[in-house]
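Q: I'd like to ask you about the structure that follows.
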Amino acid sequence: MSGVEVRAVSKRYGAASVLDAVDARFPEGRFTSLLGPSGSGKTTLLRIIGGFVAPDGGRVVIGGADVTAVPLWKRRIGMVFQSYALFPHMTVAQNVAYGLNRRGIRGAAARAEVGRALELVHLTGFDARRPKQLSGGQQQRVALARAIVTKPRVLLLDEPLSALDRRLRQNMQIELKRIQRESGLTTIFVTHDQEEALTLSDTVAILDRGRIVQEGAPADIYEHPRTSFAAAFLGDANFFRGTVRGEAIDTPAGPIRIAGALPAPGTAVTVAVRPEKMTLLSAGPDPAGNVIDATLREIIYAGAVSTFLLTGSDGAEIKVLSQNRDLAGPAPGARVRLAWAPAHTVLLAD
Amino acid sequence: MIPLGRLTLALILVFLYAPVVVMIVMAFNESDLYALPLQPSLKWFTALAGNEKLIDASRNSVLIAVITAVLGTAIGTLAALALARHAFRGRSVLQLLLLPPIAIPWLITGTAMLVFFYWTGIGRGLHAMILGHVALAIPYVVLVVGTGLQGLRSDLEEAAMSLGSTPVHAFFAITLPLLAPSLIAAALFAFAVSLDQFVVSYFLATPGVSTLPVEIYTSIRKGFTPEINAVSTLLLGASVMLFLVFAVLTRMGEADERR
C-alpha cells in the first residue's frame with residue numbers, strides 16, 4: 001500500500017495532446033476520483049499510472065519509487081476494467097486465483113485467499129460458476145475481487161459502474177466504498193458521473209482538456225469551484241458576469257455581494273451560484289443578502305424537488321432547485337424575486 | 001409454399017448425394033461392370049489392399065495434408081496475429097494481398113508454382129507439394145483465425161498482465177485457449193484444402209511420388225476399376241469424420257457461449 005504521484009506527465013496521440021504536464025498526488029489509503037468529460041484525458045492518466053500506456057514525458061511514482069520504466073506485469077497494481085475483462089474460459093475461482101498463481105501462491109493458500117476475496121464481495125459459493133453465468137453486477141464484483149486479492153499497491157478503477165443500471169449502480173457504489181475502506185487500498189477511480197465521484201471519493205480531481213483544473217474534498221470542490229468549467233461540470237450553476245464597483249459586483253441582473261474580499265474596483269469578474277442555494281421569495285420584505293428580479297418560465301416537477309427555470313432581468317437563464325414543501329407557488333409567467341446569501345456566491349478565477 | 005420448399009431441398013440433396021451414393025454402393029458390388037442386382041462384396045477393398053500405388057498415394061496425401069494443417073495453421077495464425085494486433089507500414093496492402101490467391105484458378109497457381117519451383121531449383125516431389133499446399137492453405141487460415149481474433153477482447157490480455165503475466169504468458173494462458181476453436185477450424189480447413197488438392201499436386205508430383213487425387217486421375221485414364229470406388233469411399237468416410245469432429249467442436253463452442 002502506498003501513495004501515488006505523477007509528475008509532469010504528458011501524452012500525445014499524433015497531433016492531439018491528451019495530457020499536458022499533469023501533476024497529481026493520490027494519498028495512501030485514500031479514494032480519489034478522476035472526474036472529467038470524455039476526451040479530458042482521465043482514462044489515459046489512469047492507464048499511465050497502471051503501466052498500460054507509456055507517457056511521453058514525466059514520471060510515475062508509487063510508494064516513493066519511480067515506476068515509470070517498470071512494465072505493467074511488475075507494477076503490482078489492481079485494475080478493474082469498464083468491461084470487467086473476466087477470463088471467459090475460467091471459473092470465478094480461477095479468475096480470482098489468476099493473480100495469486102502468477103505471484104507463486106498456489107494450492108490451499110490460494111484457495112483461502114480466493115475464499116476471503118469472494119466473501120469480501122459477497123460472492124461466496126460462486127466459485128465454480130463461469131463469468132457468462134453471472135449478472136453484470138456479479139461480474140463486476142468478481143473483477144473487483146480479482147483485482148484486490150493480490151493486495152496491489154494501488155487499485156485502479158476505469159468507469160467500473162457505467163455498464164450497470166441505476167439501482168444496481170447505487171448498490172455497487174456503497175459496496176465499493178465499503179470494500180475500499182475495509183481493504184484500505186489507495187484507490188484511483190475514473191468516472192464521468194459527477195454524482196458517483198461526490199458520493200465515493202475522499203478527493204475529487206477534475207480534468208479538463210488534459211489538465212487537472214481543481215482537486216479537493218467533494219464538498220470543498222462543490223461549494224467552492226475555482227473555474228466556470230468546474231462549477232458547470234460538477235453540478236449545476238448560475239453564472240453572473242459583472243464589474244467590481246465598491247462593495248458589490250455590478251451585473252446586468254443587479255448588484256451582487258460576496259462574502260469574501262473583492263478584487264480591485266473595475267475588475268471584470270464572474271460569479272457562480274448553485275441552483276439549490278437560491279430561494280423564490282414570497283410576498284414580504286426583502287431579506288438581507290442578494291435579491292434579483294426574474295420571470296418564472298417553467299417548472300419541472302420531479303417529486304421531492306422541482307426545478308424552476310427563470311429568466312433574469314437581463315435575459316439570462318437562471319435555474320433554481322427547490323424542495324416541494326408547499327403545494328401553492330408561483331405559476332409560469334409570474335414575476336418573482338430570487339434571494340441568496342453572499343456566502344453562497346462563488347467568485348471564479350475565469 | 002412449404003411443401004414446394006421441402007421438395008426443392010430434397011431435390012438438391014438428391015442431386016448432391018446421388019452420385020456419391022452410387023459410388024459407395026458400387027464399391028461394395030461384386031461386379032466390375034456395375035451390374036445389378038447388387039451382390040455385396042468386399043473384393044475391391046481387398047484388391048485395394050494389394051494396390052501399392054494407391055496405398056502409397058493415399059499415405060502421401062494424408063502426410064501432406066497433416067503437414068499442411070500444422071504448418072499452414074502455425075504460419076497463418078502468426079500472420080493473423082500480426083494483422084490484428086500491430087499497426088505497421090503496408091498492413092492494409094498485405095491484408096488485401098492475402099485474398100486474391102483464393103480466387104486465382106488453381107490451374108494458374110499450379111503452373112506458376114511449377115515454373116517458379118523449376119526456376120529456383122526447388123523442383124518437384126513431396127517437398128514441392130508440401131510447399132505448394134501450405135501456400136494455398138495460408139489465406140484460409142488467416143481468414144478463419146482473423147475472424148476468431150476479432151471476437152476476442154483485447155483487454156483480456158491487459159487484465160492478465162495487470163495480474164502479473166508477461167505478454168508471452170498472457171498469450172498462452174488467455175488468448176490461445178480462447179482462440180482454440182478457430183485454430184481447430186483453420187487446421188481442418190487447411191487439411192481439407194490439401195487433401196482435396198488435385199491441380200497443384202498434379203503439376204508438382206513426380207512419377208514416383210504422387211497423391212491420391214493424382215493417382216485416381218491417372219488410373220481412370222488407363223481404365224476405370226471399382227478399386228477407385230473403394231478408395232474414394234474410404235476417403236469420403238475420412239472426410240465425413242473430420243466434418244463431424246468439426247461440427248461437434250463448434251457446437252460445443254456454441255453451447256459454451258449460451259451458458
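Q: Restricting the search to the stretch A:64-102, which residues are more than 13 Å from every other protein chain (Cβ to nearest Cβ), part of a loop (DSSP other than H, G, I, E, B) and touching a strand residue (DSSP E or B) at 6+ places or on another chain (Cβ under 8 Å)?
A: Selection gives A:VAL67, A:THR68.
Q: Could you check B:SER154 against (1) over 30 Å from A:GLY104 (Cβ atoms); (2) modelled with pLDDT under 85; (3) of a type in the set (S, T, N, Q) and say which number it fails?
A: Result: B:SER154 fails condition (1) only.
Q: Going residue by residue through the stretch A:117-128, is there one that turns out to be within 33 Å of the chain's Cα centre (by Cα), at negative phi and within 13 Å of chain B (Cβ to nearest Cβ)?
A: Yes, the conditions are met somewhere in the stretch A:117-128.
Q: Can you tell me which condition A:GLU113 does not meet? The list is (1) more than 27 Å from the chain's Cα centre (by Cα); (2) part of a loop (DSSP other than H, G, I, E, B), and all the others hold.
A: Looking at each condition in turn, A:GLU113 falls short on (2).
Q: Right, something else. Residues of the stretch A:259-279 being surrounded by 20 or more Cβ atoms within 10 Å (Cβ to Cβ) and part of a loop (DSSP other than H, G, I, E, B), which ones?
A: Across the stretch A:259-279, the qualifying residues are A:ARG274, A:MET278.
Q: Looking only at the stretch A:47-63, filter to residues that are surrounded by 21 or more Cβ atoms within 10 Å (Cβ to Cβ), in contact (Cβ under 8 Å) with a residue 40 or more places away in the chain and within 14 Å of another protein chain (Cβ to nearest Cβ); which one of those is farthest from A:THR187 (Cα to Cα)?
A: A:ILE48
Q: Here is a check on your reading of the model: is A:VAL320 under 31 Å from the mean Cα position of the chain (by Cα), surrounded by 12 or more Cβ atoms within 10 Å (Cβ to Cβ) and more than 21 Å from A:PRO225 (Cα to Cα)? Break it down stepwise before answering.
A: Working: under 31 Å from the mean Cα position of the chain (by Cα): yes; surrounded by 12 or more Cβ atoms within 10 Å (Cβ to Cβ): yes; more than 21 Å from A:PRO225 (Cα to Cα): no.
Considered against the rule, which asks whether it is under 31 Å from the mean Cα position of the chain (by Cα), surrounded by 12 or more Cβ atoms within 10 Å (Cβ to Cβ) and more than 21 Å from A:PRO225 (Cα to Cα), A:VAL320 comes out as no.
Q: Could you list all residues from the stretch A:126-158 that are part of a loop (DSSP other than H, G, I, E, B), out of contact with any helix residue (DSSP H, G or I) (no Cβ under 8 Å at 6 or more places or on another chain) and farther than 20 Å from A:GLY104 by Cα?
A: Across the stretch A:126-158, the qualifying residue is only A:SER135.
Q: So, restricting to helices (runs of 4 or more DSSP H) that lie completely within the stretch B:101-174, which ones have at least 1 residues that are within 14 Å of chain A (Cβ to nearest Cβ)? Steps first, answer last, please.
A: Details: elements: B:106-120, B:126-150, B:155-162, B:167-170.
Counting at least 1 such residues, we get B:126-150, B:155-162, B:167-170.
Q: Could you list, in sequence order, all residues of the stretch A:200-224 that are more than 28 Å from A:ARG12 (Cα to Cα) and modelled with pLDDT of 90 or more? Break it down stepwise before answering.
A: First, pick out the residues of the stretch A:200-224 that are more than 28 Å from A:ARG12 (Cα to Cα): A:200-202, A:217-224.
Once the filter is applied, which keeps residues that are more than 28 Å from A:ARG12 (Cα to Cα) and modelled with pLDDT of 90 or more, the stretch A:200-224 yields A:SER201, A:ASP202, A:ALA217, A:PRO218, A:ALA219, A:ASP220, A:ILE221, A:TYR222, A:GLU223, A:HIS224.
Q: Could you grab me the full set of residues in the stretch B:175-202 that are aromatic (Phe, Trp, Tyr) and either within 14 Å of chain A (Cβ to nearest Cβ) or under 22 Å from B:LEU114 (Cα atoms) (or both)?
A: Selection gives B:PHE191, B:PHE198, B:TYR202.
Q: When only residues in the stretch A:129-151 that are among the charged types (D, E, K, R) and under 17 Å from B:LEU163 (Cα atoms) count, which is nearest to the other protein chains (Cβ to nearest Cβ)?
A: In this case the residue turns out to be A:ARG146.
Each row is one residue, and each column tells you yes or no for (1) part of a loop (DSSP other than H, G, I, E, B); (2) under 30 Å from the mean Cα position of the chain (by Cα); (3) surrounded by fewer than 15 Cβ atoms within 10 Å (Cβ to Cβ).
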site	(1), (2), (3)
B:ALA18	no, yes, yes
B:MET23	no, yes, no
B:SER31	yes, no, yes
B:PRO37	yes, no, yes
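Q: For B:LEU96, only one of the following conditions fails: (1) within 14 Å of chain A (Cβ to nearest Cβ); (2) more than 23 Å from B:LEU71 (Cβ to Cβ). What is its number?
A: Of the numbered conditions (1) within 14 Å of chain A (Cβ to nearest Cβ); (2) more than 23 Å from B:LEU71 (Cβ to Cβ), the odd one out for B:LEU96 is (1).
Q: (1) touching a Leu at 6+ places or on another chain (Cβ under 7 Å); (2) part of a loop (DSSP other than H, G, I, E, B): which one isn't true of B:LEU54, the others all being true?
A: Failing condition for B:LEU54: (2).
The values are calculated or read from the model by the stated rules, or taken from the named source; none is laboratory data. Model, not experiment: these values are computed from the prediction. Every residue, glycine as well, gets a Cβ built from its backbone with ideal geometry; the counts of neighbours run over all protein chains shown.
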